[in-house]
Amino acid sequence: MLSLAAFQNQSSTEDPFDTPHTVSQKPILTRQSPQESLKSFRLPKGYRLELVASEPMIAEPAAIAWDGNARMYVAQLETYMQTIDARGQDEPRSRVMLLEDTDNDGRMDKSAVFIDKLVSPRMILCVGREVLVNETNSYDIYAYQDTNGDGKADKKRPVFQMPKKAYGNVEHQRSGLDWNLDNWIYVTTDPVRFRYRNGVLDVDTLVSGSNGQWGLTHDNYGRLFFSRAASGMAASGFQINPVYGQLDLPDAFQSGFSQIWPIVKTPDVNGGPRTLRPDSTMFGFTSVCGQSVFRGDRLPKSMEGDYLAAEPVGRFIRRANISDTDGKISLANVYPQDEFIASTDMNFRPVNIYTGPDGCLYIVDMYRGVIQESTWAQQGSYLYDQIMSKGLNRNVKNGRIYRLVYEGIARGPKPRMLDEPTSKLVTYLNHPNGWWRDNAQKEIIVRDDKSVVPALRKVVVNQTGNSPELYRLHALWTLEGMDAVDKPLLLSALMDPDHQVRKAAVRISEPYVKKDDPAVLVRLSAMAGDASRDVLTQLVLSLRVSESPKATALAEQIMARKPDDELLTSVRKSLQKNDEARKYGYKLMALDESARKSIIEGATIFNSLCAACHGPEGQGLATKVAPPLISKFKLIENKDEVIKIMLHGLRGPVDGERYNDQMPAMGSNTDEWIASVLNYVRYDLCMRSFPQMSAGYINWVIVKPEQVKAVREHTAGRTNAWTWTELLAERDKLRQSQAKK
């Protein structure tokens, strides 16, 4: 990973593109063949896209995963927006396809329906010889396996089950299943992470919630990168692990990073003309997703560790350099006022990006006309008119998977990890391609073959004579995943010359910290003056897992040494919020079971659907996507008012201020669903404003489903979203009526 200064110094004054950046005012609207579509792309010199798979082999691809032998599994959302009103979207007609390249020419030539009759499979992960899959509208995750070699799954078993329906439309439910370096499997949206043990997924709660919307990735050191499409954040959550809370620093992006530079007019945006430049291109991210940190070895060295994010409404892919300035992570656009990969084909809809087994970069393109869910494309809306006038609704059932290559660099070899001995997998932890390192680590842990523990220990303590820091890092975490890190090895790793290994060792020490282990605390205390702020930050985070006086005092000592340090100060605030989240949870116990359940479910919905526009605490966002809930909606006093907004939506200025998006109607959801969202927001606001509030007052803020039902019946004839002026008039009528009484 380069420092930002080093990256800027290596940049050439020569234009990296063969053609100037211009905006096409005559976009390609109709479906093009894959060969024709390839001509629509603009890339920097030397880079080229190759077609890996396309229709009819695949249709509506949304996510892919490779097993240890490089067979590709494609999760397809085959009912997604097949009509403008999303008819049949929840029907079980989607599939997971198994694709193979049998002649190793780089193009898939064999396909099979691995799983059929699914409801829009959205998360996929290969674990050993099984494939874990989650479907839309469900929290359940099942493992599928082909036991007879015909390419079709014939064995299915549950690995995680939660007997309730998942909330949110297809765009706002979870994604991910990213097996991170730390052996936890992370997802977006839902406040949980998983650990694969004994063939099932054990769940752990993230007290302050998860992050992001569609897409999740990690870098060489286990930093997680989410994105928030609705709030226009191309990357989020990467400063600290979400188990310690949420921390986003405002200056973590190069100035102007949120501005985007498509090469084709983009009128089909939710926000309408006010979100467009005079040349009809949108000026900020609106659907950024499917991100990836490139960790392969078959593209130019300058790309290694760079962040890639897809923008399907803008029809481009952003490339950003990640810089680490003494523990603070920041991003900068590699191509100022330009984009890495862009297309003039209006049907180019990139939704996911991956580092592949061959060391190249893979792009999943749904290749369709409509990419917004029907909630935002209702008849009478600006977006609906754009879709219908351009015939975008007619392009469905296609899809492409591309590979990014560079002239003169050959693709890497195909792995055979599922068929190789575990001892061979240990050597792959030192592979130059991060895909190989990750999958070797995962496979070793799944096999739980203790015979390789001595070899892994030798790597960690650098007794092999060839143990670069990434090799030691993966070996250490592989041992952690096998419960094979004992105290002597941990104490040795805490003194490793590389700060990333020391940082990992601090995290791995947390079980000892919780037990107040004297030897470990002494070693951690000796690290209080560590030269790396990365390590110091992790020390503060990990010491807070214990409430013992020794651990608390050591954490305070580290922070006291640098009282004005921005990162450490922000970490302290994040940890305080985490503590508050735990504390607020105790108040829930004073409520009756139905109210408690309603608030908990509302938290999940809010974090997955509402926070992206209104901010994680309802404080609003600098991008002014939607109004701040706290100051505008007066949620404590006006139950009926916010119920009306939830049922029918809100349009136009709010208190004289314009916002980029219109609040969509949520009336298609049940009375219980709407009540739960409002209960969480009202409860959360009360607890943050009045932490000493009595249980009786908390009960007062609860919205009952029957209250929602009454407002629904009273406003049954309404078909348009409310305006702020109308709501103020309704409020005045209510006050006058109450005054007369």
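The values are calculated or read from the model by the stated rules, or taken from the named source; none is laboratory data. Computed from a prediction, not measured in an experiment: that's the story for all the values here. With ideal geometry, Cβ positions are generated from the backbone for all residues, glycine too; neighbour counts draw on all protein chains shown.
Within the set Ala581, Ala603, the sole residue that is within 25 Å of Gln213 (Cα to Cα), surrounded by 15 or more Cβ atoms within 10 Å (Cβ to Cβ) and at pLDDT below 75 turns out to be Ala581. Taking only pairs six or more apart or across chains, which ones have beta-carbon atoms under 8 Å, a first residue in region 48-67 that is at pLDDT 95 or above, and a second residue that is surrounded by fewer than 19 Cβ atoms within 10 Å (Cβ to Cβ) and among the aromatic types (Phe, Trp, Tyr)? Qualifying pairs under 8 Å: Arg48/Tyr406. Between Leu201, Leu132, the distinction of being under 21 Å from Gln76 (Cα atoms) and in a strand (DSSP E or B) belongs to Leu132 only. Restricting to region 49-94, give me the number of residues that are crowded, with 24+ Cβ neighbours inside 10 Å and hydroxyl-bearing (Ser, Thr, Tyr). Of the residues in region 49-94, 1 are crowded, with 24+ Cβ neighbours inside 10 Å and hydroxyl-bearing (Ser, Thr, Tyr).
For (1) in a loop (DSSP other than H, G, I, E, B); (2) closer than 16 Å to Gln82 by Cβ, each residue gets a yes or a no:
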position: Arg368; (1), (2): yes, yes
position: Gln386; (1), (2): no, no
position: Ser389; (1), (2): no, no
position: Lys397; (1), (2): yes, yes
position: Arg403; (1), (2): no, no
position: Gly412; (1), (2): yes, no
position: Pro415; (1), (2): yes, no
position: Lys424; (1), (2): no, no
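If you go through region 89-102 and keep only what is modelled with pLDDT of 95 or more and not hydroxyl-bearing (Ser, Thr, Tyr), you end up with Glu91, Pro92, Arg93, Arg95, Val96, Met97, Leu98, Leu99, Glu100, Asp101.
For region 176-190, a residue qualifies if it is part of a loop (DSSP other than H, G, I, E, B) and at pLDDT below 95, and the qualifying residues are Thr188, Thr189, Asp190. Regarding Leu299, is this residue under 30 Å from Glu580 (Cα atoms), in the same structural domain as Ile371 (by TED's automatic domain parsing) and out of contact with any Gly (no Cβ under 7 Å at 6 or more places or on another chain)? Criteria not met by Leu299.
So is Tyr80 out of contact with any His (no Cβ under 7 Å at 6 or more places or on another chain) and closer than 25 Å to Lys265 by Cα or not? So Tyr80 fits the description; yes.
Taken residue by residue, region 95-113 has no member that is within 20 Å of Val370 (Cβ to Cβ) and either part of a loop (DSSP other than H, G, I, E, B) or outside the structural domain of Ser175 (by TED's automatic domain parsing) (or both). Number of residues in region 206-230 that are buried (at least 24 other Cβ atoms within 10 Å of the Cβ) and outside any loop (DSSP other than H, G, I, E, B) equals 6. So is Phe238 assigned to a loop (DSSP other than H, G, I, E, B), aromatic (Phe, Trp, Tyr), buried (at least 24 other Cβ atoms within 10 Å of the Cβ) and outside the structural domain of Ser570 (by TED's automatic domain parsing) or not? So Phe238 passes the test. For region 695-714, the count of residues that are buried (at least 19 other Cβ atoms within 10 Å of the Cβ) and at pLDDT below 70 is at least one. All conditions but one from (1) touching a residue at least 40 places away in the same chain (Cβ under 8 Å); (2) surrounded by 19 or more Cβ atoms within 10 Å (Cβ to Cβ) apply to Pro432; the one that does not is (2). Being under 26 Å from the mean Cα position of the chain (by Cα) and modelled with pLDDT of 80 or more: is that true of Asn679 here? Spelling it out, Asn679 is indeed under 26 Å from the mean Cα position of the chain (by Cα) and modelled with pLDDT of 80 or more. Kindly indicate whether any position in region 183-204 is over 16 Å from Asp140 (Cα atoms), crowded, with 24+ Cβ neighbours inside 10 Å, in the same structural domain as Gly128 (by TED's automatic domain parsing) and touching a residue at least 40 places away in the same chain (Cβ under 8 Å). No, region 183-204 has no match at all.
Residue pairs whose Cβ atoms lie under 7 Å apart, sitting 6 or more positions apart in sequence or on different chains, and linking a residue in region 526-547 that is outside the structural domain of Lys514 (by TED's automatic domain parsing) and under 19 Å from Asp516 (Cα atoms) to a partner that is assigned to a loop (DSSP other than H, G, I, E, B) and hydroxyl-bearing (Ser, Thr, Tyr), do not occur here.
Here's the yes/no breakdown for (1) outside the structural domain of Leu456 (by TED's automatic domain parsing); (2) modelled with pLDDT under 95; (3) under 25 Å from Asp326 (Cβ atoms); (4) among the polar types (S, T, N, Q):
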site	(1), (2), (3), (4)
Leu479	no, no, no, no
Asp486	no, no, no, no
Val501	no, no, yes, no
Val506	no, no, yes, no
Ser509	no, no, yes, yes
Tyr512	no, no, no, no
Asp516	no, yes, no, no
